[in-house]
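I have placed the structure first, in the form of structure tokens, so that the comments after it can refer back to it.
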Amino acid sequence: ANWVQSLSSSLGSEIDGQTICLGGDGRYFNREAAQIILKLAAGNGISRVIVGKSAILATPAASALIRARSLFGGLIMSASHNPGGPSEDWGIKFNY
């Protein structure tokens with residue numbers, strides 16, 4: 001939550017009224033994190049978030065969605081090729 005809020009704060013009014021996408025590779029905690037991120041997005045002025053089904057949206061799919069729909073950007077929940085799980089890697093990247 002801290003990283004997403006820091007990103008939102010650093011973008012400031014640039015994100016007001018914008019549309020982003022949100023998804024990940026299906027790792028542990030993605031659904032819970034998506035709910036937190038949606039609340040932060042709304043609280044920071046993002047007007048619309050396109051979310052992958054069950055919060056799953058692969059990085060290449062998110063990149064294609066950003067370009068095809070001219071979105072402001074996208075938050076992708078992933079730890080790339082690292083192992084996932086309750087005690088393993090989990091991260092967020094922003095693409096725009």
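The values are calculated or read from the model by the stated rules, or taken from the named source; none is laboratory data. Predicted model only: the values in this text are computed from it and were never measured. Here the Cβ is made from the backbone with ideal geometry for all residues, glycine too, and neighbour counts use every protein chain on show. These accessible areas exclude ligands, DNA and RNA; they are computed on the full protein's heavy atoms, side chains included. Shrake-Rupley method; radii C 1.70, N 1.55, O 1.52, S 1.80 Å.
In the chain, carbon and sulfur make up what percent of the accessible area (probe 1.4 Å)? Of all accessible area on the chain, carbon and sulfur atoms account for 52 percent. Computed about the Cα centre, the dipole magnitude for the chain is approximately 280 debye when only Lys and Arg (+1) and Asp and Glu (-1) carry charge, each at its Cβ.
From most to least packed by mean Cβ count within 10 Å, the peptides 68-74, 29-35 give 29-35, 68-74. The antiparallel fraction among DSSP beta bridges confined to the chain stands at about 30%. Take the convex hull of the alpha carbons in the chain; its mean projected area over all directions comes to 5.6 nm². For Trp3, Trp90, the ranking by accessible surface with the largest value first comes to Trp3, Trp90, using a 1.4 Å probe. Compared with the dominant Cα axis of the chain, that is its longest principal axis, helix 30-43 is turned about 20°. Any chance you could give the angle, 0 to 90 degrees and rounded to 10, that helix 59-68 forms with the longest Cα principal axis of the chain? That helix lies at roughly 20 degrees to the long axis. Dividing the mean sequence gap of close Cα pairs (under 8 Å, 6+ apart) by how many residues the chain holds gives a relative contact order of 32 percent.
Extension gain, Ser9 to Ala64: 0.36 nm times the residue separation minus the Cα-Cα distance gives 17.2 nm.
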